[in-house]
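Remarks on the structure that follows.
The values are calculated or read from the model by the stated rules, or taken from the named source; none is laboratory data. It should be emphasised that the depicted structure is a prediction, and the values quoted were computed from it without experimental measurement. So basically every Cβ, Gly included, is an ideal-geometry build from the backbone, and we count neighbours across all protein chains shown.
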Amino acid sequence: MSGPGKPLSGALAILVAAVLWGTTGTAATFAPGVSAAAIGAAAMGIGGLLQAAVAGAGIARARTLLARHWRDLALGAASVAVYPLAFYASMRMAGVTIGTVISIGSAPLLAALIEYRMEGLRLTRRWLTGAALGLAGMLLMSLAEATGRPMPGGASPVAGILLGLIAGLTYAMYSWTARRLMRNGVPSMAAMGATFGAGGLLLLPVLLATGAPFLASWSNAAVGAYMATVPMFLGYLCFGYGLARIAASTATTITLFEPVVAAGLAVLVVGERMPPLGWLGVGLVVLCLVIVSAPAGRRPGPVAGPVANPVAAEPRLRRAGP
């Protein structure tokens, strides 16, 4: 059964995930001797395997459906494996805020393009307005970061931006493939567990090759354990719950709140300063969240199937064409 509460609860779950994800940049600063590849492989690799373990029974029950839609599963798993490597490398090369801005800020537009190309869906004026405000806020935060302090030593902004775009594309892609599995009847925990578990397996060789610094100190080990269990494991459980209830493009738009959390923690914990331009950007991102996640009212008629069809349950999207 569907109703206006389901999209709202989905949006709130995505928001919780964004808050948890926003802690990763600050957490990584407590392990400066660990490479970006090791951080990404530990966070998404171990976190993905934990998701698969928790969803093991559901994955077994859905194995026939998963096998039938193996292309979506394989594409999602490959995207899961690439995303953290590109994301954390982008932050190391272009700076935490700029890397996060590009990676997370590009995902909603890329998700919308994927939905338009693959499903014939187009976005409403309200979604486009909210996304534009969110992206403007991200740009202001990025400019504030760039003008507020020098870039870190050895930084390569252009390479970092390119890696951020790769991260945004793979983030949008695994969000879309996971939701596609759910729409084809795979329960959300099984879809997320299978996708992230397979991605975690792909990341294990990277972790084995680069993860030795995690054993060098208790603080490094604690950072690795935190990244895997809290933002990645718990965060993606919330993300999967929300993704079953709202469209991938809307979900990725709500996660624009992640850099807001990251910037706030950088000020409170790391000691960075946020110029007024950055706080204006924060305000625009919050306004974006209000616009894209506010309920659009009750729609007539029930929605059949285990997961609501995004055309019926997600009023921000509609079919392209007449």
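For the reader, a short list of remarks on this structure follows.
- In segment 108-142, residue surrounded by the most Cβ atoms within 10 Å (Cβ to Cβ) [restricted to those that are among the hydroxyl-bearing types (Ser, Thr, Tyr) and modelled with pLDDT under 80]: Ser142
- Test: residue in segment 8-29 that is farther than 17 Å from Arg180 by Cα, assigned to a helix (DSSP H, G or I), free of Cβ contacts under 8 Å to residues at least 12 places away in the same chain and not acidic (Asp, Glu): no
- Hey, Leu181 surrounded by fewer than 20 Cβ atoms within 10 Å (Cβ to Cβ) and either in contact with a helix residue (DSSP H, G or I) (Cβ under 9 Å, 6 or more places away or on another chain) or part of a loop (DSSP other than H, G, I, E, B) (or both) or not: no
- Within segment 91-100, being part of a helix (DSSP H, G or I) and within 15 Å of Thr26 (Cα to Cα) holds for Met91, Arg92, Val96, Thr97, Ile98, Gly99, Thr100.
- Search result, residues across segment 39-64 that are without any contact (Cβ under 8 Å) to a residue 24 or more places away in the chain and not hydrophobic (A, V, I, L, M, F, W, C): Arg63, Thr64
- Scanning segment 105-144 for residues that are assigned to a helix (DSSP H, G or I), in contact (Cβ under 8 Å) with a residue 60 or more places away in the chain and among the basic types (Lys, Arg) yields one hit, Arg126.
- Hey, Leu50 farther than 17 Å from Ala228 by Cβ, assigned to a helix (DSSP H, G or I) and aliphatic (A, V, I, L, M) or not: no
- With respect to the stated conditions, Val285 fails to be at pLDDT below 80, among the aliphatic types (A, V, I, L, M) and surrounded by fewer than 17 Cβ atoms within 10 Å (Cβ to Cβ).
- Test: residue in segment 42-52 that is buried (at least 24 other Cβ atoms within 10 Å of the Cβ), polar (S, T, N, Q) and within 30 Å of Phe214 (Cβ to Cβ): yes
- Single match in Ala74, Ala81 (criterion: among the hydrophobic types (A, V, I, L, M, F, W, C) and crowded, with 22+ Cβ neighbours inside 10 Å): Ala81
- Some residue of segment 229-251 being free of Cβ contacts under 8 Å to residues at least 40 places away in the same chain, on the phi < 0 side of the Ramachandran plot and of a type in the set (Gly, Ala, Ser): no
- Remark: pairs (first residue in segment 180-194, within 10 Å of Leu243 (Cα to Cα); second residue outside any helix (DSSP H, G or I); Cβ separation under 6 Å; 6+ apart in sequence or on different chains) = Met182/Ala244; Met182/Val307; Ser188/Ala244.
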